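Before any comments, here is the structure.
The values are calculated or read from the model by the stated rules, or taken from the named source; none is laboratory data. It should be emphasised that the depicted structure is a prediction, and the values quoted were computed from it without experimental measurement. Cβ placement follows ideal geometry from the backbone for every residue including glycine, while neighbour counts extend to all protein chains displayed.
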Amino acid sequence: MQLCGGTLPIEDPDELLLSYVAPDGPYAYPAYDTLVTNGTPDLVDGDLLAPTLLGAQVDYARFVLLKRMLPSLREGLTGLPDSPLEDTDDAGIAAVARCFAVLDEPVYARAGARGTIVSKVLHRKRPELIPLYDSRIWTAYTVSGVIGRGSHRPWVEVMQALCHSMRADLANNRAEFLTLQKAAAGNGAHLTLLRILDVVVWMSSEPPG
């Protein structure tokens, strides 16, 4: 399996995935993925705390900031297609990227609610469509030239580029990802193909120094 534009070879994706979803393991599954807030696709206050389960701190100040962003985040979710990322067209990907447009507004741009936080809030509501994003994902997809290294690139552009590359990874390795999905389900972990992609890339990438 070759991911991230062919720059990240994965030799044992099944071992990486099963290690991540192992019962009582050290990783975020199942705490993050199966956290119950309101049990619907609608964002509520409790969803804003979910990033902490993936190691992203949401303190009081950041929680208040996310609360202010909540109407925009909810609006973004209402315009999304019903398809998984691997079957979503370019217009659908543009809609996903627009969920992050609030981060490009001047009032929020330097206020501490980065795309890493917002992606962890939104992914749980559409785990088949909205990617998770963190420093390891950034590193892996930056190497391939997908995201680009510009530190001031608008978040909408960053997420659109990431979605395009992830869609290609899923399409080019669909059979392998379906096999991984079946293996995870055999261990009681029911994950979308997109979440499996995130896990495999994250487990294969060194944290930035």
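Across the stretch 153-187, the number of residues qualifying as modelled with pLDDT of 95 or more and in a loop (DSSP other than H, G, I, E, B) comes to 1.
Condition first: loosely packed, with under 15 Cβ neighbours inside 10 Å, within 18 Å of the chain's Cα centre (by Cα) and within 20 Å of D42 (Cα to Cα). Can you find one or more residues in the stretch 101-116 that meet it? No: the stretch 101-116 contains no residue that is loosely packed, with under 15 Cβ neighbours inside 10 Å, within 18 Å of the chain's Cα centre (by Cα) and within 20 Å of D42 (Cα to Cα).
Of all the residues in the stretch 1-51, those that are more than 26 Å from A113 (Cβ to Cβ), in a loop (DSSP other than H, G, I, E, B) and of a type in the set (D, E) number 3.
Across the stretch 38-51, which residue is nearest to the chain's Cα centre (by Cα) among those that are surrounded by fewer than 18 Cβ atoms within 10 Å (Cβ to Cβ) and over 18 Å from L191 (Cα atoms)? Among those residues, the one meeting the criterion is L49. Looking only at residues in the stretch 79-100 that are part of a helix (DSSP H, G or I) and acidic (D, E), the one that is surrounded by the fewest Cβ atoms within 10 Å (Cβ to Cβ) is D90. Candidates are the residues of the stretch 52-78 that are hydrophobic (A, V, I, L, M, F, W, C) and surrounded by fewer than 16 Cβ atoms within 10 Å (Cβ to Cβ); the one that is modelled with the lowest pLDDT is A61.
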